[in-house]
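J.: Once you've had a glance at the structure underneath, I'll fire off some questions.
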Amino acid sequence: MKLPIYQIDAFAENPFEGNPAAVCPLEEWLPDEVLLSIAEENNLSETAFFVATESGFHIRWFSPVTEVNLCGHATLATAYVLFHCLDYEQDAINFESISGILSVSKKDAFLSLDFPAQPPVSCEIPKEIVSALGVNPIECLIADDYIVVLDCESEVLAVVPDFDMLKGLDLRAVVITSKSTHYDFVSRCFVPKYGINEDPVTGSTHTELVPYWSEKLGKTKLHTRQVSKRGGELYCELSGDRVKISGKAVKYLQGEIEISELR
């Protein structure tokens, strides 16, 4: 069996920036264990698989260790493949997913995700986070992830986490964030529980961050940067109960997977 594969740098203007995602178009779904094996072999934060449906496409995402419920950068990467590699002619794509219908549209060089907002609520910060990050946060919030608000961008950049300690937390990820002088806010995202110590650029966490910072800054349009080593810029807008997350993408490679037998 031979399967096409693409690797796309999402939320990037040039190769080696943003967050790399593998994208595999399928004619029909393969067994879950095969999908997970492919994702493990790719060893990227996410591999996206999709199958055409009557109304659009069905998309699923796998980290190297598990299937995930929502992934922004791999959805952006999948839309890039459809628009720029597979000659999809319309200006918007609807993806069926475990998190509902997700839409991606294109305008000039930008792709825009339309995701459900997940406003975080205040919580008491777990002691493990304080110890693992070595910080005294301004605030801690909770949604799908822990959102840890720090005083300034330099503090966000200086954090060196204890990933083994973070791995034991009950939620998916720990996100640290602060105001920024050049951007509206910055962030970093740690997901050791899913085999990703630091995710380069995380679209899904901005469904939590944008509602928070929109209220704090009194604006609905936000320009932000995830300040990982690779880094990536996102242009976000809070629109009711939806968050629009826009960015660019670049194709890094195109190839073929060869599987001798399914197991």
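J.: About its Cα centre, how strong a charge dipole does region 121-246 have in debye, to the nearest 20, once Lys and Arg get +1 and Asp and Glu get -1 at the Cβ?
T.: With Lys and Arg at +1 and Asp and Glu at -1, about 380 debye.
J.: Now, a different point. Measure off 7 Å from each Cα along the Cα-to-Cβ vector at E28 and D87, then give the distance between these two points in nanometres to one decimal.
T.: 2.6
J.: Here is a further query. So how compact is the chain: Cα radius of gyration and Dmax in angstrom?
T.: Both quantities, over Cα of the chain: 17.8, 56 Å.
J.: Average the reciprocal distances over every distinct pair of alpha-carbons in region 53-96, invert the result, and give the Kirkwood radius in Å.
T.: One decimal place: 11.4 Å for the Kirkwood radius.
J.: For n ≥ 4 DSSP H runs only, could you compute -39500 (n - 2.57) per run for the chain, divide by its residues and tell me the 222 nm figure to the nearest 500?
T.: -5000 deg cm²/dmol
J.: How big is the C-alpha Rg of region 91-153 next to the rule-of-thumb value 2.2 N^0.38 Å, as a ratio?
T.: 1.61
J.: Which value, in debye to the nearest 20, gives the size of the charge dipole of the chain about its Cα centre, when Lys and Arg are +1 and Asp and Glu are -1 at the Cβ?
T.: 660
J.: Residue by residue through region 53-66, what is 3J(HN,Hα) from phi via Karplus (6.51 cos²θ - 1.76 cosθ + 1.60, θ = phi - 60°)? Round to whole Hz and write x for glycine and proline.
T.: Running phi through 6.51 cos²θ - 1.76 cosθ + 1.60 with θ = phi - 60° gives 10, 5, 9, x, 8, 9, 10, 9, 10, 10, 7, x, 10, 6 Hz.
J.: Please list, or write none, the lysines whose alpha carbon is within less than 26 Å of the alpha carbon of K229, excluding same-chain residues fewer than 8 places away.
T.: K167, K179, K193, K221, K244, K248, K251
J.: A further question on this structure: Can you tell me how much longer the chain between K2 and D164 gets when fully stretched, taken as 0.36 nm per residue apart minus their C-alpha distance, in nm with one decimal?
T.: Roughly 54.6 nm would be gained on extension.
J.: Would you mind computing the Rg to Rh ratio of region 23-139 from its alpha-carbon coordinates, Kirkwood style for Rh?
T.: 1.07
J.: Taking Cα atoms of region 121-246, Rg/Rh with Kirkwood Rh, to two decimals?
T.: My calculation of the ratio gives 0.93.
J.: Also, I was wondering about something else. Once Lys and Arg get +1 and Asp and Glu get -1 on their Cβ, which of V159, V148, H206 lies farthest toward the positive end of the dipole of region 142-239?
T.: Highest projection toward the positive end goes to H206.
Since every read-out is calculated from the coordinates, none of them should be taken as a lab result. Treat the numbers as computed from the prediction; the structure is a model and nothing was measured. When we count neighbours, we look across all protein chains shown, and the Cβ atoms used for this are built from the backbone with ideal geometry, even at glycine.
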